[in-house]
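The numbers here are math on the coordinates, done by the rules we state, and not lab data. This structure is a prediction, so every number in the text was calculated from the model and none was measured. Quick reminder, even Gly has a Cβ in these numbers, built from the backbone with ideal geometry, and neighbours come from all protein chains shown.
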Ligand code: SF4
């Protein structure tokens, strides 16, 4: 309950400017400007780029990452995989041991049970191989649309647009979309961006949200998306004039 309430608050806090749906060409310019303004990669970007990365590690890391800072996710995942690197080994793990390894990720007790449960199902249903279809991923416990899409993108390099609160907030602030839910944002972004851009939307927007277009106070003064951003043009500029 606590999780869904705070998630709802973040979803509401998109800071919309006057709504304006941009053209595809503007949307591509936005992506290029964001690409140029960020550095480093997200936790999932790092985990998936590791030479020992597997779809299983990406799936479990994505579950750990919910409501958890990137550095904490990466360190917890590293401790967990040093002892339980695959689904087979994790099925034999004890919940308390896993909880100790992944602490302090948020809800670590719940997530410890969840990742063991997921490992067991991966073994039983898929003989240890994480499925690469959205429907099969969504059928795993605790795997919602964002997590499933993250696995498609970061583990299988299959075009998809994982939408979390960062992607939702930034897309609405800029005016790429005018939506109320994460699902609507995913659908709207999939229309405005051709499939060839889908693999990078989550990575770029999430990192941009961590560095510049922050949830409560966006760092507009240092943002090079300003000329194309509805929020800046309609809210920040207006405040400055008055
Ligand atoms: S100008 Fe401000 S609100 Fe717009 S994208 Fe940049 S940081 Fe976010």
Could you give the alpha-carbon Rg of the chain over 2.2 N^0.38 Å, rounded to two decimals?
1.05
Working from Cα positions, state the angle (0 to 90°, nearest 10) between the long axis of helix 2-12 and the longest principal axis of the chain.
20 degrees
Kindly state, to the nearest 0.05, the FRET efficiency for residue 234 paired with residue 51, given R0 = 45 Å and r defined as their beta-carbon distance.
0.45
Among 139-145, 43-49, how do they line up by average Cβ neighbours within 10 Å per residue, starting with the highest?
43-49, 139-145
Compute the angle between helix 182-192 and the longest alpha-carbon principal axis of the chain, please, reported from 0 to 90 degrees and rounded to the nearest 10.
60 degrees
When a footprinting reagent is the concern and you count Cβ atoms within 10 Å, what order do 28, 34 take, fewest first?
28, 34
Which three numbers, in whole Å and largest first, are the semi-axes of the equivalent ellipsoid of the range 186-242 derived from its Cα gyration tensor as √(5λ)?
25, 14, 9
Please report, in cubic angstrom per residue, the volume enclosed by the convex hull of the alpha-carbon atoms of the range 43-156.
84 Å³
